[in-house]
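Chemist: I am attaching a structure below and will ask some questions about it afterwards.
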Amino acid sequence: MERLDKWLCSQTTVTRSEAGRLIRAGCVTVDGQVCRSPAQKVEPAAQVMLNGRALTYERHVYWMLNKPAGILCVSRDPKVQTVVDLLPEEARRRGIFPAGRLDKDTHGLVLLTDDGAFAHAMLSPRRHVPKRYHAVLDKPLDDVAAEAFRAGPLLADGTQCLPAQLRVLQDNGRPLVEVVLYEGKFHQIKRMFAAVGRHVEWLKRVAIGGLVLDETLPEGQVRPLTEAEKLSIFNENFSTNL
Ligand code: URA
């Protein structure tokens, strides 16, 4: 059981004092009855409505976002639109953040959650959860580049990367390639290709572990992960899907 004002805060973006004000003003019903006491104890499974909108209690939320280019991959920014700003009103709640970063000009799969422990497990360098990307390069690859990726590219600043998987999906002068990384360094794909004399013209993340971006999800939109999708992030069989 939890206080109603606390319950409301955990499931929406309202602050504790706003929750108290809304409750006292009669905007909140619990199991069909208006409740004007912020201290009222409620079950997690209680049927709570705020201004006529039903709120379903969820301990944590997990949203798949198909990120468009041009959106900053952080929780908040005073000037620029962020991935969290793309959430529809009913999906907004306190503490949501992108689990892992994509560059502003990168497209594709981002997980938005308020579950810090889950994000930590997913991003932990010790777990080596693979991230799969598609990239368009400015010029074809050669055997030297392919070998550098197999061995683990050495970046211009001397940083040694772990071996990465690389395969060409289409080669028409500006190849479309697939890369699988087992770590997450700053601008890693762009820097890895720069180290072999290639420029990344377009970049999209298509999978994290066994979680594949839903290609029916339009850019800029979110949908909740299913329980199976959530667990698939840690599916070690991912690399055999390539
Ligand atoms: N590597 C990059 O260079 N950029 C990204 O956004 C992700 C991986």
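The values are calculated or read from the model by the stated rules, or taken from the named source; none is laboratory data. Keep in mind that what you see is a predicted model, and the values were worked out from it rather than measured. No Cβ is skipped: glycine too gets one built from the backbone with ideal geometry, and neighbour counts run over all protein chains shown. Note: accessible area is taken over every heavy atom of the protein model, side chains too, but ligands, DNA and RNA are not part of it. Shrake-Rupley method; radii C 1.70, N 1.55, O 1.52, S 1.80 Å.
Chemist: Over what distance in Å are the Cα centres of the range 11-84 and the range 156-176 separated?
Modeler: 43 Å
Chemist: Additional query: Under the 0.36 nm per residue contour assumption, what length would be gained going from the current alpha-carbon distance of Arg21 and Leu176 to full extension?
Modeler: Full-extension gain reported as 50.3 nm.
Chemist: Where the accessible area of the range 5-131 is counted over protein heavy atoms with a 1.4 Å probe, how much of it, in %, is carbon and sulfur?
Modeler: Reported share for carbon and sulfur atoms: 50 percent.
Chemist: Continuing with this model, one more query. Excluding ligands and nucleic acids, what accessible area in Å² is computed for Glu43 using a 1.4 Å probe, to the nearest 10?
Modeler: Taking all protein chains as shown, Glu43 has close to 100 Å².
Chemist: Which one of Val61, Gln47, Thr216 has its Cα pushed farthest toward the positive end of the charge dipole of the chain, where Lys and Arg give +1 and Asp and Glu give -1 at the Cβ?
Modeler: Projecting each Cα onto the dipole axis, the largest value belongs to Gln47.
Chemist: Considering only the other residues whose Cβ falls under 13 Å of the Cβ of Gly95, what net charge follows from Lys and Arg at +1 and Asp and Glu at -1?
Modeler: Local net charge: +2.
Chemist: Taking only DSSP H segments of four or more residues, each worth -39500 (n - 2.57), what value at 222 nm results for the chain once the sum is divided by all its residues, to the nearest 500 deg cm²/dmol?
Modeler: -5500 deg cm²/dmol
Chemist: Once fully extended, how much extra length lies between Ala194 and Asn51, figured as 0.36 nm per residue of separation less the alpha-carbon to alpha-carbon distance?
Modeler: Extending this stretch completely gives an extra 46.1 nm.
Chemist: From the C-alpha gyration tensor of the range 2-55, pull out the three semi-axes of the equivalent ellipsoid (sqrt of 5λ each), sorted largest to smallest, in whole Å.
Modeler: Sorted largest first and rounded, they come to 13, 12, 11 Å.
Chemist: A follow-up question, please. Solvent-accessible area of Leu50, probe 1.4 Å, all protein chains present, reported in Å² to the nearest ten, please.
Modeler: The accessible area of Leu50 comes to roughly 20 Å².
Chemist: If the only charges are +1 at each Lys and Arg Cβ and -1 at each Asp and Glu Cβ, what is the size of the charge dipole of the range 83-168 around the Cα centre, to the nearest 20 debye?
Modeler: Here the size comes out at about 320 debye.
Chemist: Calculate, for the chain, the solvent-accessible area per residue in square angstrom, rolling a 1.4 angstrom probe over the heavy atoms of the protein chains.
Modeler: On a per-residue basis, the chain sits at 52 Å².
Chemist: Could you state the per residue volume, in Å³, of the convex hull enclosing the Cα atoms of the range 149-206?
Modeler: Considering the Cα atoms of the range 149-206, their hull volume per residue is 86 Å³.
Chemist: Stick to Cα atoms and the Kirkwood definition of Rh, then tell me Rg/Rh for the chain.
Modeler: My calculation puts Rg/Rh at 1.09.
Chemist: While we're on this one: What is the P(r) of the range 104-150, as percent of Cα-Cα pairs per 10 Å bin from 0?
Modeler: Each 10 Å bin holds this share of Cα pairs: 18, 35, 31, 15, 2.
Chemist: Here's something else I'd like to know. How much of the calculated P(r) for the range 131-229 lies past 18 Å, in percent of all Cα pairs?
Modeler: Of all Cα-Cα distances in the range 131-229, 48 percent exceed 18 Å.
Chemist: Same structure, new question: Hey, got a sec? Which GluC sites (Glu not before Pro) in the range 118-189 land in a DSSP loop and have at most 15 other Cβ atoms within 10 Å?
Modeler: Glu183
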